[in-house]
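Okay, structure first, notes after.
Derivation of every value follows stated rules applied to the coordinates shown; laboratory data play no part. None of the values given here were measured: they were computed from a predicted structure. Glycine gets a Cβ as well: all are built from the backbone with ideal geometry, and neighbour counts include every protein chain shown.
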Amino acid sequence: MFLKKRADAQNAYINYIKRQAPILFFQLDNLGRIQETNHYTRSIIGEIPPNLPFESLIVQLNDTFDLTLIKEVSQPQLFSIQTDLSPYPQSYLFTFTSFKNETLVFGHMDGDEATLMQNELINLNQTLNNTSRELHKKNAQLQAALKEIKTLRGIIPICSHCHQIRDDQAVWNQLEKYISEHTDAQFSHGICPNCLKKHYPDLMDDM
């Protein structure tokens with residue numbers, strides 16, 4: 001339930017970014033190619049061809065664009081891109097965040113709101129990192145719980161007469177001992193009516 005709520009919250013936030021948020025948003029694959037943009041980005045830049053490398057949008061790129069190195073930088077990066085709103089390139093602050101097997105890129109025009117946007121992007125990055133750590137923690141707890149669950153599977157060799165069970169070391173064990181070692185079940189001994197009649201007929205006469 002906790003993991004589902006976390007996932008729902010993440011999906012709701014991403015949907016807000018894609019549909020309503022007034023910031024640039026790019027979803028990149030592990031090679032840095034654009035897989036998806038939000039409504040605001042398309043209104044600023046226009047339609048972007050599928051699988052276009054993100055670096056193709058950057059104007060006057062002096063250094064080699066290395067997505068792996070950029071993601072290691074916690075501060076927003078300043079790049080100039082060409083938009084449909086101006087004949088000249090515009091400077092934007094971009095934050096690159098790893099999410100699952102993709103990279104999420106958030107951008108805002110450099111200006112009066114740059115500091116505010118920078119703080120918001122840092123907070124978003126921190127929120128995503130915290131969520132990712134929580135998911136890893138819960139997944140580890142789930143895996144540990146699954147390891148503690150004992151189940152019986154496959155064909156179990158059992159004697160047709162005494163009902164002892166042969167284990168993996170070819171040792172014959174009582175049914176109760178074998179099941180207790182391989183499951184969390186416990187036994188409470190009694191006697192069925194047929195065995196009572198067979199082994200204790202005197203008791204049957206008194207009943």
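May I ask you to order 95-108, 34-47 by the average number of other C-beta atoms within 10 Å around their residues, highest value first? Don't skip to the end; give the middle numbers.
Numbers: 95-108: 18.7, 34-47: 16.4.
Order by mean packing, descending: 95-108, 34-47.
With θ set to phi - 60° and the Karplus curve 6.51 cos²θ - 1.76 cosθ + 1.60, what are the ³J(HN,Hα) couplings of the stretch 19-25 in order, to the nearest whole Hz, using x for Gly and Pro?
Listing the rounded values in order: 9, 10, 5, x, 9, 6, 9 Hz.
Could you pull the Cα extents of the stretch 3-113 along its three principal axes, largest to smallest, in whole Å?
Here the Cα extents, ordered largest to smallest, are 45, 31, 29 Å.
Do any of Lys100/Lys137; Lys18/Lys137; Lys18/Lys100; Lys18/Lys138 go past 26 Å between their Cα atoms, and which?
On the way: Lys100/Lys137 15 Å; Lys18/Lys137 28 Å; Lys18/Lys100 17 Å; Lys18/Lys138 28 Å.
The answer is Lys18/Lys137; Lys18/Lys138.
Around Leu69, with a cut-off of 14 angstrom between Cβ atoms, what is the net charge of the other residues, counting Lys and Arg +1 and Asp and Glu -1?
Taking every Cβ under 14 Å from that of Leu69, the sum is -3.
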